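Note sheet for the following structure.
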Amino acid sequence: MIEEWSEPAHASWYLSIADRFPHRKEGEAVVLEQIPHDVGRVLDLGTGDGRLLALILSVRPGACGVALDGSEPMLKAAKERFRDQGGVDVVAHDLTRPLPDLGTFDAVVSSFAIHHLEHDRKRQLYAEIFDVLQPGGVFCNLEHVSSPTPQLHARWRRALGIDKEQEDASNRCLDVGTQLDWLRQIGYRDVDCYWKWMEMALLCGLRAGS
Ligand SMILES: C[S@@+](CC[C@H](N)C(=O)[O-])C[C@H]1O[C@@H](n2cnc3c(N)ncnc32)[C@H](O)[C@@H]1O
């Protein structure tokens, strides 16, 4: 677990700016479009305060979910968010380690979390996600990806209004193409980048139905 995220000040800083990322809500809206109307179980990896899972449950009220994170302050915030909501388990887990046994899921989602893992662990995790998806299940990773050129990365920083020193040191961003190739190699179907704005991209794939 990257230590940064265990610090309450870092978690609070992120939560205070989470709404300020330009176009974020567009990406989240495209995630919601991918979630089947009859979805049952949803797993949110690196859930933070449960933002994405809560959005999904607001439009799929019949669903239940697991909100997983490795940061104590984030887990506390997620428990607070879901305190009065049945059907959500908040689970502590460090994603640098293999996924724990949580059963199977109709959808696995993640937003702006997996890019904190080293690249080889990202790939392993994508394979573990495939294994826990039900046939017909969907994986949606709304992710911070790398820019193809330093110039475009500088434009991203300008769009966010931050300089080099203010970049999150826990970022391990990777390009879209490599990650889509991995998903295809693992066996996901209909793999594509379903939405993108600068360094924010929605990478999705399905597990074929039985
Ligand atoms: C940028 S925040 C995103 C939170 C939330 N998904 C959202 O969209 O608002 C990144 C999240 O990934 C979690 N995270 C980072 N590294 C992790 C790890 N190794 N294991 C579990 N969670 C991790 C952090 O604790 C944090 O909640």
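Among the GluC sites (Glu not before Pro) within the stretch 74-135, those in coil by DSSP and having at most 14 neighbouring Cβ atoms inside 10 Å are 118.
Over the residues of the chain, the helix contribution to mean residue ellipticity at 222 nm works out to -11000 deg cm²/dmol, using -39500 (n - 2.57) for each DSSP H run of at least 4. Put a dot 7 Å past the Cα of residue 167, heading toward its Cβ, do the same for residue 6, and the two dots end up 2.6 nm apart. Rounded to the nearest 20, the size of the Cβ-charge dipole of the stretch 7-62 about its Cα centre is 40 debye, with Lys and Arg at +1 and Asp and Glu at -1. In this structure, residue 181 and residue 84 have a Cβ-Cβ separation that, at R0 = 30 Å, corresponds to a calculated FRET efficiency of about 0.10.
In order along the stretch 187-202, the phi-based Karplus estimate (6.51 cos²θ - 1.76 cosθ + 1.60, θ = phi - 60°) of 3J(HN,Hα) comes to x, 5, 9, 6, 6, 6, 8, 7, 6, 7, 9, 6, 9, 10, 9, 10 Hz; Gly and Pro are listed as x. Note on residue 92 and residue 189: the model spin-label points, each 7 Å out from Cα along the C-beta direction, lie 4.0 nm apart. Take every Cα pair under 8 Å whose residues are at least 6 apart in sequence, average their separation, divide by the length of the chain, and the relative contact order is 21 percent.
Between the stretch 1-41 and the stretch 59-131, what's the alpha-carbon centroid distance in Å? Spelled out, the Cα-based centre of one part sits 12 Å from the other. Projected onto its three principal axes, the C-alpha set of the stretch 24-206 covers 46, 35, 30 Å, listed from the longest axis down. Dipole magnitude for the chain: computed about the Cα centre from +1 point charges on Lys and Arg Cβ and -1 point charges on Asp and Glu Cβ, it is near 380 debye.
Could you tell me which GluC sites (Glu not before Pro) in the stretch 136-189 are loop residues by DSSP with no more than 15 other beta carbons within 10 angstrom of their beta carbon? The qualifying sites are 167.
Computed from the coordinates by the stated procedures, all read-outs in this text should not be read as laboratory data. A quick note: this is a predicted structure, and the numbers were derived from the prediction, not measured. Cβ atoms come from the backbone with ideal geometry, glycine included; neighbour counts cover every protein chain shown.
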